[in-house]
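Any read-out appearing in this document is the output of simple, stated calculations on the displayed coordinates, not a laboratory observation. For clarity, every value in this text was computed on a predicted model and none was experimentally measured. Here the Cβ positions follow ideal geometry from the backbone for every residue, glycine too, while neighbour counts run over all protein chains shown.
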Amino acid sequence: MSISFRVGDMTIHRLIEMTLAERHATEFLPNLTWERLEANRSWLQPAALNEQDWIVLCFQSYVVVTPHHAILVDSCLGNNKERLRHPYWHHKTDTVFMDALSGVGLRVEDIDYVLCTHLHVDHVGWNTRLENGRWKPTFPNARYMFSSKEMAVWTPESGVEPPPHIQDSVLPIVAAGKADMVASDHEISEHVRLMPTPGHTIDHFAVQLGRGGDQAVITGDLIHSPLQARFPDLHMLLDLDKQKAVQTRRRFLERYCDSGTICCFSHFPSPSMGAVRRWGDGFRCDFIE
């Protein structure tokens, strides 16, 4: 499924691969209390919280088409990947992602850059696809941009055995000579800039969009659920540095609150995009339908 909208002289496409509830809210957000969950259940359900109180997540990518480039931000889940910890993703073979790409009039050959906000399993999957038993870059004409600090974790010198998703979706890009290691404040063009947003991972970045200002921004995993906008102190179970993640999230929401910038949330349930407004001591998103 794909959804498109115009921002200035850019078009932003959402490529939705899957919507899924995998964990109970109090497991997904370990410092979420039952009292807080009960007090907010009414506005979270059904879009962001199912009947069993499991957090609903949208797994998606954004494609930004500027006057000069087509840029894929995060490559979602991928096919044929060994994902034993995620049964819904394990050896997946559907055409949903590629149908969404073609649905907005794009081919894999049209993508000029692939930006991975961080190197978690659900943000790198379509970096590669299986061809004749080998992992090949899915987007043959693209430069793939990875944070140099994030990549340093998986170099041979680190002494850490790369997990399967790094082996099948990241290292083959490096081997193919398609990877650029960049700082998390790198500028791709006059329309596209990276913004450091660490905490969820060591060098996570968001992506700022617009010529002469932030007309839109893609969050990556600095925030997962609208409940974390209402209460930015709620950390997610995979946050590497919980305190820094909380600081980053609040700073991000303060920056874009009432700014006119369209925030494109990577995991919020549909419609996923909107303007940040203040809500008491926290924030909410006024979604674009």
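Would you please give the FRET efficiency between E131 and E289, computed as 1/(1 + (r/R0)^6) with r the Cβ-Cβ distance and R0 = 41 Å, to the nearest 0.05? Once the sixth-power term is evaluated, E becomes 0.55. For the pair the range 8-35 and the range 106-179, the centres of their Cα atoms are 23 angstrom apart. Decide, for the range 130-257, between rounded, prolate and oblate: order the square roots of the alpha carbon gyration tensor eigenvalues as a ≥ b ≥ c, take rounded if a/c falls under 1.5, and otherwise choose prolate if a/b is larger than b/c, else oblate. Oblate, because a/c is 1.5 or more while a/b does not exceed b/c. Counting only Cβ charges, +1 for Lys and Arg and -1 for Asp and Glu, the dipole size of the chain around its Cα centre is about 140 debye. Once you have a ≥ b ≥ c as the square roots of the Cα gyration tensor eigenvalues for the range 232-278, tell me rounded if a/c is under 1.5, and otherwise prolate or oblate according to whether a/b is larger than b/c. It is oblate, given that a/c is not under 1.5 and a/b is not larger than b/c. A Förster radius of 22 Å, combined with the Cβ-Cβ distance separating V7 from R107, puts the computed FRET efficiency at roughly 0.45. Scoring 157-165, 143-151, 182-190, 170-178 by mean Cβ neighbours within 10 Å over their residues and listing the highest first yields 143-151, 170-178, 182-190, 157-165. Given a Förster radius of 25 Å and the C-beta distance between Y88 and Q247 as r, what FRET efficiency does 1/(1 + (r/R0)^6) yield to the nearest 0.05? According to the calculation, E is roughly 0.20.
Largest GNM mean-square fluctuation among H90, H118, H204, using the chain with Cα springs under 10 Å: H90.
Remark: the V96-R211 segment gains 38.2 nm on full extension, using 0.36 nm per residue and subtracting the alpha carbon distance. The calculated Kirkwood hydrodynamic radius for the range 2-287 is 19.1 Å, given to one decimal from all distinct C-alpha pairs.
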